[in-house]
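Data first, discussion second: the structure below is written as structure tokens.
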């Protein structure tokens, strides 16, 4: 049987990590190893991890890419699961995913999510008979589906990769600040490795009430997303990725400058034209939303900022 490693990452937050570990331990098939990478020390949590013989790694690296690459370097699994501390695995996730990797040649795997609030859910079970898609090669139309229809570049806790992909990507991964989910998808495409999208909800994605209700804006988060997009533009050379990465750079720059109140009327008007191009080429809700947002920002950056925060938070689209 394939060896499996689950890499759990935590940044400053302590409230949910035990629940995350328990959701792994309660799986119908246990992993070969669990590795926790966090940037804090806590006697209670550390004792909890020690009791289950979980590899506990402390790092002062604040980036998600840095923490995950460190976990990969300490892992031995043939397939690598990822779990952020505020998410949960369904009870059958590991068994189901190991089965898929045993049946198919997979580089990158992504499953659907069940969304829940801050309060812990009563059961971690989530299994149904929905199917999957499998791509052995990627063209622009398939990439369009992966990004906009299947949301394959969203939520690290829904991603599993082969050791082959991990070793090909680990050096570049160290420099990714926050958008590790999109990076892993792009790295699989860059290396021409097969991709599977599983429509079953095998991950429970926690939607924090503070995420939808807090009026403060974490500008550093949006800055890191923008910087990651610039990094992707520099490191990925695949022709099929070029257009999508360029679009991401433009959109992330618009969002960051608008939220930080650094966008000028002229820049917003240029973005209106640029985003129109992508809205027509890749028609979807998100691109049309940003097209309208850039138009609004051209008249009033403050109104555009308020509109973005209201719509994105009320529709749980912060991760897009």
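Read-outs: derived from the displayed coordinates by stated rules, not from any lab. None of these values were measured; they are calculated from a predicted model. Positions of Cβ are backbone-derived with ideal geometry, glycine not excepted, and every protein chain shown enters the neighbour counts.
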What relative contact order, as a whole-number percentage, does the chain give when Cα pairs under 8 Å and 6 or more residues apart are counted? 18
Residue order, fewest to most surrounding Cβ atoms within 10 angstrom, among 99, 204, 53: 53, 99, 204
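When a footprinting reagent is the concern and you count Cβ atoms within 10 Å, what order do 137, 86, 228 take, fewest first?
137, 86, 228
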Checking 92, 191, 218 against a Gaussian network model of the chain (alpha-carbon springs below 10 Å), the top fluctuating residue turns out to be 218
Listed residues 66, 153, 292; largest mean-square fluctuation, Gaussian network over the chain with Cα springs below 10 Å, found at 292
Residues 75, 306 arranged by fewest to most Cβ contacts within 10 Å: 306, 75
In degrees rounded to 10, the 0-90 angle between helix 239-259 Cα long axis and the longest Cα principal axis of the chain is 70
Can you tell me the 0 to 90 degree angle between the C-alpha axis of helix 180-190 and the longest principal axis of the chain, rounded to 10? 90
Helix 64-73 versus the longest principal axis of the chain: what angle, 0 to 90°, nearest 10, using Cα atoms? 30
DSSP beta bridges in the chain: the antiparallel percent, rounded to 5, is 30
Pick from 176, 37, 98 the residue whose mean-square fluctuation is largest in a GNM of the chain, springs joining Cα atoms under 10 Å. 98
